[in-house]
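The values are calculated or read from the model by the stated rules, or taken from the named source; none is laboratory data. Everything numeric in this text was worked out from a predicted model, so none of it was measured. Positions of Cβ are generated from backbone atoms using ideal geometry, with glycine treated the same way; all protein chains shown enter the neighbour counts. Areas reflect the complete protein model, heavy atoms only, side chains present, ligands, DNA and RNA absent. Shrake-Rupley method; radii C 1.70, N 1.55, O 1.52, S 1.80 Å.
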Amino acid sequence: MREQQILVTRTSMPAMEEYMKEIAPLWDSHWLTNMGVKHGEFKSMLAEYLKLSSPENLDLLVNGHMSLELTLQAMDLQGEVITTPFTFASTTHAIVRNGLEPVFCDIDPVTFTMDCSRLEGLITDRTCAILPVHVFGNICNISEIGRIARKYELKVVYDAAHAFGEEANGTGVGNFGDASIFSFHATKVFNTIEGGASCFQDPEMGARLYDLKNFGIHGPDEVSAVGANAKMNEFCAAMGICNLRHIDEEIEKRKAVDERYRLRLEGINGLQLKCIQAEVKQNYAYFPVLFDEGEFGASRAEVFAALERRHVFARKYFHPLTNRFSAFHGKYKDDETPVARHVSQRILCLPIYADLDLETVDEICDVVVNLSA
Ligand code: T4K
């Protein structure tokens, strides 16, 4: 049997020589952080790639989480934020760490994004914002969320950590809502080692975000706000410059993996594969599969174990739901989000990354197919 472990993802990296060439000038300048040359270059390249309607309304940060946490903070919100529990810890933690109260909306059973038909029922006079997640790169119901937000005068911040480079009807996802954040973590389609970005509509947001990521410093003698340190450094920006040069081919390679999974697994009873949204230009970030034990013939745990025996490590993204985290001491209940609970108990993300060879994908599919009833 193959000795090599197959993990759920594997970081895409440029050739070492390309990165060395990119960072060589840093040895001459000794300028390693605090919005240097690479930071500036990467920011303009990124604004163009993301097709932002206002390229200047973008800021680079140290990671996806701080992009989200500080974007919320920059909006000076108070009260309740409606979000979904089927996400990474970061989404809910960003709300709570801002002293805001998360209110959990259930998800759509097909896209796993916010179920907008339940949204209005959760709005109270304390609601200040909506924080939907383009989970697995599935794009939320932008128009309905926008309509409801306008009606109740709520802010909308999209967690677009999974949606790098995606477009809906030709519009880059970073243009939606009042703001959207991206993650450039090593596990993402596009990485800067660690990193993130916030895209926003209100230019004043940019100044506030800048204060929050750089101690509120406005010059050697002027500190006009209380901020933290959440800047992207030059090495990360340089990695971003290199990786952005290759992103389209990386996404194409992921597409081939996605297509192979679909070819082998589509139509099998009891399997629900990641949905396809016709209007979306996808990035193939994840390949989630829902296993319905009754119909499929094996449980999620059995599939997980069978893959593990072949040294394949799928992941239960996202289980547990964030409203089940022990961190919240039972304050929230997942019976208020039954669809999210159903999905969370059955989901398994199969390995997908640019360099995953199709033979391995076939091997993974063989394991799944052999378990089917
Ligand atoms: N919002 C959402 C919806 C998110 O999913 C995330 C992050 C955020 C916000 C916050 O963004 P960041 O602050 O992280 O930029 C991983 C990632 O750490 C996390 O970024 C990501 N979501 C989450 C979905 O997945 P873990 O705990 O599953 O990571 P880990 O260390 O188990 O790695 C998973 C696999 O990735 C490994 O099995 C192998 C591969 N890997 C990992 C690392 C660290 C690599 O190939 N290279 C690496 O350097 O959270």
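The table below gives the values:
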read-out	value
Calculated on alpha-carbon atoms, Rg and Dmax of the stretch 134-280 in Å	18.7, 67
Per-selection metrics, the stretch 247-371 (Cα): Rg and Dmax in Å	15.6, 46
Under Karplus coefficients 6.51, -1.76 and 1.60, residue-wise ³J(HN,Hα) of the stretch 135-140 in Hz, glycine/proline x	5, 6, x, 7, 7, 5
√(5λ) per eigenvalue of the Cα gyration tensor, the chain, largest first, Å	34, 28, 17
Rounded percent of accessible protein surface that carbon and sulfur make up, the stretch 301-346, 1.4 Å probe	48 percent
Distance histogram for the stretch 211-272 (every C-alpha pair counted, 5 angstrom bins, percent rounded to whole numbers)	4, 14, 10, 10, 10, 9, 9, 9, 8, 7, 5, 3, 2, 0
Separation in nanometres of the label points that stand 7 Å from Cα toward Cβ, at K151 and V37	5.4 nm
Probe 1.4 Å, protein heavy atoms only - accessible area per residue of the stretch 1-72 in square angstrom	56 Å²
Within the accessible area of the stretch 31-105 (1.4 Å probe), percent carbon and sulfur	54 percent
Mean Cβ count within 10 Å, highest first, over the residues of peptides 263-274, 189-200, 226-237	189-200, 226-237, 263-274
³J(HN,Hα), Karplus 6.51/-1.76/1.60, whole Hz, each residue of the stretch 268-279, x for Gly, Pro	6, 4, x, 10, 10, 7, 3, 6, 10, 9, 4, 7
Ratio of the Cα radius of gyration of the stretch 1-144 to 2.2 N^0.38 Å, where N counts its residues	1.36
Two-site label geometry, E363 and H319: point separation in nm, points 7 Å out along Cα→Cβ	2.4 nm
Cα gyration tensor shape of the stretch 312-367, rounded if a/c is under 1.5, else prolate or oblate by comparing a/b with b/c	prolate
For I123, residues with placed amide H under 5 Å, excluding near neighbours	none
